[in-house]
Amino acid sequence: MTDGSAIRKLTVDRLQIEIYENREALGQAAGRAVAARIQDLLGQQAHVRMIFAAAPSQNELLDQLVRDWTIDWSRVTAFHMDEYIGLPADAPQSFSRFLRERLFDRVNFRDVHTIDPSNDRRRECDRYGGLLREAPIDIVCLGIGENGHLAFNDPPVADFRDPASVKVVELDEVCRRQQVNDGCFARLQEVPTHAITLTIPTLLSASHLFCVVPGPSKRQAVTATLQDPIGAACPSTILRTHPDCTLYVDRDAFGEP
């Protein structure tokens, strides 16, 4: 199909899955759905609070959102979900820089709150967690890592009942190698070993989740997300328990529908 429509839709437990021909169609469809949800919420409340992922997998979604002139961004507060520790403030691999260039500096948000890894780690987790807890989170736009991680909650540190809102984590090798595969770093040795991340309960506390996962490198993770037992061995399996989460994949990520 060439009209951008999903070529298949299905449900696994509570998780809704939409499959598209390619990542461009996937990103545009997800962007339209996010925009519609923002508009719906702004018809009911004064402001919307959103969390965004920073990864190449999100490019098409973010481009679609920037192009949508119907969104009143002046009533939207933005957060992001993770940040490396140890990179220079102006490093091109910084997740806050990625989102500033792709989204935060391109539309007129009400507020943008970014993680500052140069602060004392514990104090920064407390500061950012406090901002997140000031009011409910309405929407999260996220992806899934090659090891099934959500944000930087890799299998060794993922905790579905984590008492923290934000925490410092050590990144496992599969996660770090993905950053090389994505072209963000030239060598594994250049990828930081630690990061600050929102925890899984924080992400799942949002009312609406839009999960965008394109490309052949994610096929194993998508299969595990849909077929493995729900558990921290594949953190993304927890998405199957959320009351309103849609997973957007393309043929390359899902396989033949």
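Helices (runs of 4 or more DSSP H) fully within segment 190-257 that include at least 2 residues being touching a residue at least 24 places away in the same chain (Cβ under 8 Å), over 17 Å from L10 (Cβ atoms) and not polar (S, T, N, Q): 200-204.
Residue-by-condition table, conditions (1) buried (at least 22 other Cβ atoms within 10 Å of the Cβ); (2) within 17 Å of the chain's Cα centre (by Cα); (3) on the phi > 0 side of the Ramachandran plot:
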site	(1), (2), (3)
E24	no, no, no
R32	no, yes, no
A36	no, no, no
L42	no, no, no
H47	no, no, no
F52	yes, yes, no
S57	yes, yes, no
D63	no, yes, no
A91	no, no, no
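Identify, please: which residue in segment 162-173 is farther than 25 Å from R14 by Cβ and buried (at least 17 other Cβ atoms within 10 Å of the Cβ) and is, among those, modelled with the lowest pLDDT? Per the criteria, the residue is D172.
With respect to S118, is the statement that it is in a loop (DSSP other than H, G, I, E, B) and either within 24 Å of I200 (Cα to Cα) or in contact with a Gly (Cβ under 7 Å, 6 or more places away or on another chain) (or both) true?
Working: in a loop (DSSP other than H, G, I, E, B): yes; either within 24 Å of I200 (Cα to Cα) or in contact with a Gly (Cβ under 7 Å, 6 or more places away or on another chain) (or both): yes.
Yes, satisfied.
One residue alone among N147, N181 is touching a residue at least 24 places away in the same chain (Cβ under 8 Å), of a type in the set (S, T, N, Q) and surrounded by fewer than 17 Cβ atoms within 10 Å (Cβ to Cβ), and that residue is N181. On the basis of being surrounded by fewer than 19 Cβ atoms within 10 Å (Cβ to Cβ), under 19 Å from the mean Cα position of the chain (by Cα) and at pLDDT 95 or above, does Q16 make the cut? For Q16, the condition - surrounded by fewer than 19 Cβ atoms within 10 Å (Cβ to Cβ), under 19 Å from the mean Cα position of the chain (by Cα) and at pLDDT 95 or above - is met.
The values are calculated or read from the model by the stated rules, or taken from the named source; none is laboratory data. Only a predicted model underlies this, so the values are computations on that prediction, with no experimental measurement involved. All Cβ positions, glycine included, derive from the backbone under ideal geometry; neighbour counts span all protein chains shown.
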